[in-house]
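Structure first, then comments.
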Amino acid sequence: ELTVPPIYETRLIVDRTNDGYTASWIDPNSQRSAAFPLNLPLKPQNMTDLRWYLETYMQFPGAGDHARAKGIEDQLKMWGRQLFDAIFGGSEGTNVYRSLLDAAANDDQRCLLTIGATDPQILVQPWEMLRDERGPLTFQGVTIRRQLRGAGPRKPQALKLPLRVLLIVSRPSDVSFIDPRNSIKPLLDALDDLPSGQLRIDFCDPPTLSQLERMISEARKAKQPYHIVHFDGHGTYMPLIGVGALAFENDDGKLALILGGTLGDLLARLKVPLVLLEACRSADLSNQPVFGSVAPALLESGVGSVIAFSHSIHIEAARLFVERFYDELADGLTIGQALEEARAQLRATPDRWLHLGPDAETIQLQDWFVPQLYQVGADPVLIKPTKKAAAHSAPRPASDGQRLFGFPPEPLYRFHGRALELLELERAFRRYPAVLLSGMGGMGKTALAREAAAWWLRKGMFDAAIFCSFEQKVGAERVVQLIGQALEGDEFSARSSEEQWTAAVDLFRTRRVLLVWDNFESTLPAYQQGEEQESALSFGPEARARLTQLYRELTNSTPQGRLLITCRPDETALPGIKDVPLAGLSRPDSLHLLKAVLDLKGIVIDQPGRERPGYERHEIDALLDDLQDHPLSIELVAPHLKTLTPQRIRDEFGVLLKGFANQLAPEGRNKSLLASLEFSKRRLSPEAQAILPYLAWFEGGVFEAFFLAFAEIDPARWETIRAELVATALVKVEELEQFTTPYLRFHPT
């Protein structure tokens with residue numbers, strides 16, 4: 001059975017009358033007090049001000065906004081006192097209050113204050129603000145929770161290890177995007193402390209209602225119910241029909257709003273002890289019937305406990321809350337206790353950044369009262385407090401690093417961003433067994449492949465990940481050996497070459513394994529030019545045919561494994577491969593990368609309130625514009641900011657090019673910007689190389705028709721040259737809306 005510690009519970013029952021509201025107390029012995037009038041202190045305008053403070057203030061605050069926010073913060077304490085006086089003001093309330101504090105002082109029992117009502121105006125009040133002269137009651141050992149009138153206590157279900165958590169991470173492509181690593185990684189880190197065998201985390205992938213139904217049905221039939229269902233995404237309120245909804249995805253990755261009652265009906269089949277709604281406005285009741293909102297609807301359908309957010313919450317606040325909540329839950333606290341500890345973390349860490357990027361300006365936001373607990377019956381312990389005693393003695397499964405076979409080390413300056421690209425790759429793998437990650441040299445394809453492998457292993461999407469680089473012109477047989485050695489060990493080498501081939505293909509097709517083919521351009525015909533006399537390792541037609549054969553056998557039909565290929569050009573001659581092109585970093589990610597390089601080099605270009613002349617933010621942005629947010633360019637140019645201003649680097653880029661180098665780079669083609677450029681350039685014909693000086697007149701790109709007129713190139717001759725430039729990823733051709741001529745985009749160097 002779920003562990004339920006002794007509790008002391010006092011309930012405030014609120015009823016609506018023709019004149020307003022009346023309330024009465026029910027003590028732990030089920031004795032009900034006489035009814036007394038209840039006047040709600042927070043009026044509609046106060047609730048509007050509160051929503052502005054929590055959701056709008058942080059967007060683009062000005063001086064007037066700061067003043068308004070300060071005024072609202074001053075009222076938070078007043079509202080807390082007014083709520084306190086409204087329920088504890090009478091003689092009966094005073095006795096209840098004293099008894100609550102006496103019970104809260106007893107460490108051997110839980111102290112609960114339950115607000116029971118059906119009217120949304122009651123449940124929407126920020127009861128967590130309740131405070132006496134010493135501060136909020138929620139920080140004095142009193143857990144405040146909401147409950148629907150008429151929803152009786154439910155017997156806790158039997159808890160059989162492992163504890164099962166179902167994560168629904170929904171990111172519809174047509175709504176605002178939040179990096180799921182912000183809150184999911186802290187959750188996984190916290191639960192990692194549990195002893196081996198006590199936890200299983202499943203992802204609802206894809207995050208569609210139909211997939212959720214299938215997983216719930218399978219869990220029910222296997223008698224392995226989920227103990228926690230965690231929704232990470234967006235929620236909304238639909239005033240026209242008066243219901244709350246969560247933003248799931250449809251089969252195309254777009255928005256599919258699922259009503260709270262619909263989700264509740266599904267979860268009711270499992271009698272889930274806890275649902276955590278890490279979603280904007282998931283507890284927002286507005287002025288509509290209470291059963292139409294998500295959190296109460298789940299409670300009504302049979303869920304024991306629901307934690308939901310009353311307002312949109314800042315990304316940093318969500319991360320802090322999830323990390324602390326799961327850490328405390330794993331340490332043996334009750335749901336309510338873990339919530340209170342996480343609430344204390346929010347209160348103690350109020351800084352919320354105003355924009356992405358390093359050294360972002362912050363504001364201090366009082367949002368600790370946003371998480372709300374809806375609960376029927378007891379406040380249970382989901383995980384027995386054995387973490388500290390057993391975590392180190394129990395055998396642990398292989399770490400993610402041990403399951404990364406042959407991958408290069410983490411990037412020197414750490415990995416930055418690429419959240420949308422990670423999601424796009426993940427979505428592509430839902431439909432395709434092989435995905436091509438294409439992009440110009442130095443764009444970070446290898447680094448992204450490594451990050452994707454590590455993150456997907458962390459999520460449990462794959463059981464192992466294998467890396468094979470073609471930079472040394474390895475062939476299909478070497479790929480086969482890498483698969484076998486990673487998944488079977490040394491005994492794989494005892495097989496004959498034919499048996500190895502068959503076994504490796506079978507392993508890929510029957511195991512959840514990610515196989516990365518890196519630097520695939522080294523196998524393409526265009527990249528053999530100029531190397532025939534230099535090396536006997538050139539990749540010829542026979543080797544390419546053998547590799548294509550292996551590709552076909554690995555990816556035919558519906559294998560369990562997935563193949564991720566990185567390549568400069570997007571033309572690989574591999575049939576049926578899904579292409580995901582990689583462009584420059586988003587600007588916040590570029591700034592984070594720049595900051596990481598400067599920190600490692602000990603370079604300070606600005607200090608709080610005192611920027612170095614010539615290094616202002618607009619100057620940095622202009623430099624990043626010229627570099628097209630190209631990761632390798634940023635890494636190699638950033639150290640020169642120690643002695644050169646961004647403007648000077650921009651003015652003298654060609655002269656400085658040879659100095660943009662890092663001899664510690666593991667790949668020769670990425671030791672310098674010049675090397676990255678030469679890696680592709682030397683494979684061009686003399687005719688194509690002769691065109692490069694004309695391209696240099698245009699920063700980043702130019703419309704093709706204008707370029708042909710400028711360089712006075714015959715269109716027929718240009719077709720052949722352009723094909724070479726595209727094949728070596730020095731040029732990309734883009735079709736822009738409203739323009740009839742293509743746009744040529746160049747390698748940043």
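What to note about this one:
- Hits in the range 414-438 - residues which are at positive phi and either open to solvent by 40 Å² or more (accessible area, probe 1.4 Å) or modelled with pLDDT of 90 or more (or both): ARG414, ARG418
- Qualifying residue in the range 332-347 (condition: under 28 Å from SER586 (Cβ atoms) and at pLDDT 85 or above): yes
- Residue count, the range 89-99 (criterion: farther than 26 Å from THR17 by Cβ and either surrounded by 15 or more Cβ atoms within 10 Å (Cβ to Cβ) or touching a residue at least 24 places away in the same chain (Cβ under 8 Å) (or both)): 1
- Test result for VAL655, farther than 30 Å from ALA723 by Cβ, part of a helix (DSSP H, G or I) and open to solvent by less than 10 Å² (accessible area, probe 1.4 Å): no
- Restricting attention to the range 709-749 and to residues that are open to solvent by 80 Å² or more (accessible area, probe 1.4 Å) and aromatic (Phe, Trp, Tyr), the residue that is farthest from GLU571 (Cα to Cα) turns out to be PHE710.
- Subset tally (residues that are surrounded by fewer than 20 Cβ atoms within 10 Å (Cβ to Cβ) and farther than 17 Å from GLY442 by Cβ) for the range 582-591: 2
- Yes/no for LEU137 being surrounded by 18 or more Cβ atoms within 10 Å (Cβ to Cβ) and more than 24 Å from ALA308 (Cα to Cα): no
- Of the candidates ASP570, ASP579, the single residue that is in contact with a Ser or Thr (Cβ under 8 Å, 6 or more places away or on another chain), part of a strand (DSSP E or B) and surrounded by fewer than 20 Cβ atoms within 10 Å (Cβ to Cβ) is ASP579.
- Only one of LEU644, LEU547 that is at pLDDT 90 or above and either buried (at least 17 other Cβ atoms within 10 Å of the Cβ) or in contact with a strand residue (DSSP E or B) (Cβ under 8 Å, 6 or more places away or on another chain) (or both): LEU547
- Within the range 97-113, the only residue that satisfies the criterion of being among the hydrophobic types (A, V, I, L, M, F, W, C), farther than 9 Å from TYR8 by Cβ and part of a helix (DSSP H, G or I) is LEU101.
This table checks each residue for (1) in a loop (DSSP other than H, G, I, E, B); (2) open to solvent by less than 50 Å² (accessible area, probe 1.4 Å); (3) at pLDDT below 80.
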site: GLN372; (1), (2), (3): no, yes, no
site: ALA378; (1), (2), (3): yes, yes, no
site: PRO385; (1), (2), (3): yes, no, yes
site: LYS388; (1), (2), (3): no, no, yes
site: ALA394; (1), (2), (3): yes, yes, yes
site: PHE407; (1), (2), (3): yes, yes, no
site: LEU412; (1), (2), (3): yes, no, yes
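- Checking ALA503 against (1) part of a helix (DSSP H, G or I); (2) buried (at least 22 other Cβ atoms within 10 Å of the Cβ), the condition it does not meet: (2)
- Candidate set: the range 602-629, residues that are exposed (fewer than 13 other Cβ atoms within 10 Å of the Cβ) and among the basic types (Lys, Arg); chosen: the one modelled with the lowest pLDDT: ARG610
- Entry remark, the range 201-224: residues being open to solvent by 30 Å² or more (accessible area, probe 1.4 Å), modelled with pLDDT of 85 or more and either touching a Gly at 6+ places or on another chain (Cβ under 6 Å) or of a type outside the set (Ser, Thr, Tyr) (or both) number 11 in total.
- Filter pass, SER522 being among the small types (Gly, Ala, Ser) and outside any helix (DSSP H, G or I): no
- Total residues in the range 693-728, condition at pLDDT 85 or above and either part of a loop (DSSP other than H, G, I, E, B) or touching a Lys or Arg at 6+ places or on another chain (Cβ under 7 Å) (or both): 3
- Residue within the range 732-742 that is touching a strand residue (DSSP E or B) at 6+ places or on another chain (Cβ under 9 Å), on the phi > 0 side of the Ramachandran plot and either part of a strand (DSSP E or B) or touching a residue at least 60 places away in the same chain (Cβ under 8 Å) (or both) present: no
- When GLU323 is tested against (1) closer than 24 Å to LEU194 by Cα; (2) in contact (Cβ under 8 Å) with a residue 24 or more places away in the chain; (3) open to solvent by 10 Å² or more (accessible area, probe 1.4 Å); (4) more than 18 Å from the chain's Cα centre (by Cα), only condition (4) is not met.
- Considering residues of the range 471-487 that are more than 33 Å from the chain's Cα centre (by Cα) and part of a helix (DSSP H, G or I) only, the residue surrounded by the most Cβ atoms within 10 Å (Cβ to Cβ): VAL480
- Taking the criterion of being loosely packed, with under 10 Cβ neighbours inside 10 Å and either of a type in the set (D, E, K, R) or assigned to a helix (DSSP H, G or I) (or both), the only residue of the range 32-43 that qualifies is LYS43.
- Residues (touching a strand residue (DSSP E or B) at 6+ places or on another chain (Cβ under 7 Å), open to solvent by 10 Å² or more (accessible area, probe 1.4 Å) and not β-branched (Val, Ile, Thr)) located in the range 442-460: LYS445, ALA454, LYS459, GLY460
- Considering residues of the range 53-69 that are open to solvent by 30 Å² or more (accessible area, probe 1.4 Å) and assigned to a helix (DSSP H, G or I) only, the residue farthest from GLU92 (Cα to Cα): ALA63
The values are calculated or read from the model by the stated rules, or taken from the named source; none is laboratory data. The structure displayed is predicted, hence computed values, not measured ones. Glycine also receives a Cβ, built like all others from the backbone with ideal geometry; neighbour counts cover every protein chain displayed. Quick note on the areas: whole protein, heavy atoms, side chains included, nothing else; ligands and nucleic acids left out. Shrake-Rupley method; radii C 1.70, N 1.55, O 1.52, S 1.80 Å.
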